[in-house]
Amino acid sequence: MGTLLKRHRWIAPYALLAPGILWLLVFYVYPAFQMFVASFWSGSLEKGFTFSLANYTNYTEAIDQFAPQYLRSIVYAGAATVLTFLIAYPLAYTIAFKGGRYKNVLLFLVVAPFFTSFLLRTISWKIILGDTGILLGPIKELGLLPEDFRLLATPIAVISGITYNFLPFMTLPVYVAVEKVDFRLVEAARDLYAGPWRPGGGIAGALVAGGLAAVLGIVFAWPWPILAAGAALIGGAVGWFLVSESFIRVTFPLSLPGVFAGSLLTFIPAIGDYVNAEFLGNPDTRMIGNVIQNKFLTQNDYPVASALSFTLMAAILVLITVYARILGTEELTTTGRV
Amino acid sequence: MAPVDGAVAAPGAGRASARRRPGGAAVGRLARLADRYLLLVYTGLAVIYLLLPVAVIILFSFNDPAGKSNFVWQGFTLKYWLNPLGVAGLGDAVWLSLALAFLSTIIATILGTLVALALVRYSFRGRGAANSLIFLPMATPEIVLGASLLTMFVSIGSPPFFPLNFFTILLAHIMFNISYVVVTVRARLAGFPRHLEEAAMDLFANEWQTFWKVTFPLILPGIIAAALLAFSLSIDDFVITNFTAGKTQTFPMFIYAKARIGIPVQVNVIGTLIFVIAVGSVAVTTLAQRRSRSG
């Protein structure tokens, strides 16, 4: 064996790869292919399924019937991705630049929620957001909100749940990218009069932060435009203070790969999620994941379910290809983890 | 860092300039305060936000609910902590999850480490394709991974089809863990000091000895990190398990099944225990690594 390896050195990498790659071929690639085949099935679990290309109607049926759920998934996942970005960026920035010797402790606190069950965490939000729960109970007691105001079983609760559950997926890649930024570049920019206080930086910062805060306000307070405007004002003020010219021109552009990677790592699990919608939502907040889950596991309608989930996979593959063109897969897989 | 305008000039002049630009100094002081504290306060709030649900889980493990649902705080009790497995099916589910996590971690860590070695150490035809194949399962939503495995198991054999059980869950868990192991070990290998291996070879160690005496000890921390990640992913996986489990109940599946009728307090007890053990083991490995690095 040893001499064989020595004589044919080119075998070594393939021998190392073989078991793992084979596993992925059998349990990732082949099942995906099988799902594609199943999307052209007709029949039932009891009588067996038959394949025919004429069953492309599974796709038309799936898309005709469930377009709202697809759209809702895109909107919820997109809103959650924007929110995780807004929450994660300042967090990652502070840990990277101001964390000092607490850097690792803070990073650990960011991932600590992963050490409890995903389902339990989501159910926890049910307790927190409940109609008379920890959050709303005291506010209603004070009479600041009407008795019938509720968060649970609304789109807000579903988006908040997704945002919470996938926040570390955004925070870690952004942290890795911000951490890599050479602070001497920021200092150089300041030496070249990119003051933290120059109007250029301040106004740009105010616009960016204000715009993002307005989005936040619209997502969370859509019935009250005043709140959205207030959020924009507060965001603008915060942006004016915090976002300097050197940040806009140096730090932020250099950290963009992390933002891209984080967005992908948040958006993809978010768009397929059904746990948040199931526990925190109502029948009108059902996402495509809920439909797929229900068709596969309750109705045993494998053909249409396969068409639904293959469509989802194809859409995401397109998205990833676009991203990979911009970033390269190596970059995506390495910035994403700590 | 904020501009000081004329504020540092002579006292009288300062007052004059402040009168000329009202608010200038105040804005400057605010900016300095914001620069110093705002981000830190924000980070504190963000950490509280991240840990709030965990705190609720722990708190409600001491709750004494009136009915079946554990949603409203009723009063403090230790009785569920004294009898953590006192619900039918919970003990079995927990043991099953542990066994699943152990087995899938061991197998995925071995397979993934080998792949990582190949990808970092060698350049060969098909390397790009192998990289993509590693990346894709992480970029596929869990529901699609689970659904495609289910269609494969359904397509094997005629009705009543392939039985779903512990074995099918294990196959699935190894599959999604391999990629995470590869990525984690590869990150460790990327900055690997190759000259140490060359030195060992110069000192007449053969490849086998070089690997076990030089390479392996150096990448061991990466392998341990990968194994911890794989273990935590496996023990907490719900979505893929839901598709490949059939009637088999893992701990997350148990929670899901009970969620409709009310989650027993013991689930919170077990969840808290898992959290404490996981945090403890990470703390211990980190400290051990720090000691070995400084010693």
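A few remarks follow.
- Legend: mean number of C-beta atoms from other chains within 10 angstrom of residue C-beta atoms, peptide A:31-39, equals 6.
- Rounded if a/c under 1.5, otherwise prolate or oblate - the protein assembly as shown, Cα gyration tensor axes: oblate
- Once you reduce segment A:102-121 and segment B:61-81 to the center of their Cα atoms, the two points are 25 Å from each other.
- Reachable aspartates and glutamates from residue A:140, criterion Cα separation under 13 angstrom, eight or more residues apart if same chain: A:131, A:148
- Ordering of B:38-44, A:158-164 by packing is A:158-164, B:38-44, highest average first (other Cβ atoms within 10 Å, averaged per residue).
- Simple spin-label estimate for residue A:71 and residue B:79 gives 5.2 nm between the two label positions (7 Å along the Cα-to-Cβ direction from each Cα).
- Nearby lysines by direct alpha-carbon distance to residue B:213 (threshold 24 angstrom, same-chain neighbours under 8 apart not counted): A:6
- For chain B, the membrane-span-like helices by this rule, meaning whole DSSP H stretches whose C-alpha atoms cover at least 27 Å of axis and whose Kyte-Doolittle mean is 0.5 or above, are B:39-59, B:90-121, B:166-190, B:216-236, B:265-294; this says nothing about an actual membrane.
- Cα shape, segment A:1-107, gyration tensor, a/c 1.5 rule: oblate
- Here the label points at residue B:40 and residue B:156, each 7 Å from Cα along the C-beta direction, are separated by 5.8 nm in the simple model.
- Taking B:61, B:234, B:155 as the candidate residues, the one with maximal mean-square fluctuation in a Gaussian network model of chain B, Cα springs under 10 Å, is B:155.
- FRET E, pair residue A:61, residue B:132, Förster distance 45 Å, beta-carbon r, rounded to 0.05: 0.90
- Computed E for residue A:150/residue B:202 - FRET, C-beta separation, R0 41 angstrom, nearest 0.05: 0.05
- Averaging the sequence gap over all C-alpha pairs within less than 8 Å and six or more residues apart, then dividing by the number of residues, gives chain B a relative contact order of 27 percent.
- Note on chain B: with a GNM built from Cα contacts shorter than 10 Å, the maximum mean-square fluctuation among B:81, B:208, B:73 falls on B:208.
- Under 16 Å from residue A:103, Cα to Cα: aspartates and glutamates that are on another chain or at least 8 residues apart: A:179
- Part-to-part distance (alpha-carbon centres) for segment B:186-223 and segment A:246-312, which is given in Å: 41
- Exposure proxy ranking for A:286, A:150, based on other Cβ atoms within 10 angstrom of each Cβ and starting from the fewest, stands as A:150, A:286.
- Net +/- balance of residues flanking residue B:263 in space, Cβ distance below 15 Å, scoring K and R +1, D and E -1: +3
- Ordered by the number of other Cβ atoms lying within 10 Å of each residue's own Cβ, fewest first, A:39, A:52, B:281 fall into the sequence A:52, B:281, A:39.
- Computing FRET efficiency as 1/(1 + (r/R0)^6) for residue B:95 and residue B:286, where r is the C-beta to C-beta distance and R0 is 30 Å, gives about 0.60.
- Longest stretch of chain B clear of exposed loop sites (trypsin sites (Lys or Arg not before Pro), DSSP loop, at most 14 other Cβ atoms within 10 Å, sites excluded): B:126-246.
- Among the listed pairs A:47/A:295; A:126/B:247; A:126/B:79; A:126/B:258, those beyond 20 Å (Cα-Cα): A:126/B:247; A:126/B:79
- Counting only other chain Cβ atoms within 10 Å of each residue's Cβ, the peptide B:115-124 averages 5.
- The GNM of chain B, with springs linking C-alpha atoms under 10 angstrom apart, assigns the highest mean-square fluctuation among B:65, B:193, B:163 to B:193.
- Fully extending the segment from residue A:46 to residue A:103 would add 14.8 nm, taking 0.36 nm per residue of separation and subtracting the current Cα-Cα distance.
- Amide N of segment B:241-267 lying under 13 Å from the label point, which is placed 7 angstrom from the Cα of residue A:298 along Cα→Cβ: B:260
- A simple spin-label model places the labels of residue A:141 and residue A:254 4.9 nm from each other, with each point 7 Å out along Cα-to-Cβ.
- Shape of chain B, Cα gyration tensor, a/c cut at 1.5: oblate
The numbers here are math on the coordinates, done by the rules we state, and not lab data. All values reported here derive from a predicted model rather than from experimental measurement. Note: ideal-geometry Cβ built from the backbone for every residue, glycine included; neighbour counts use all protein chains shown.
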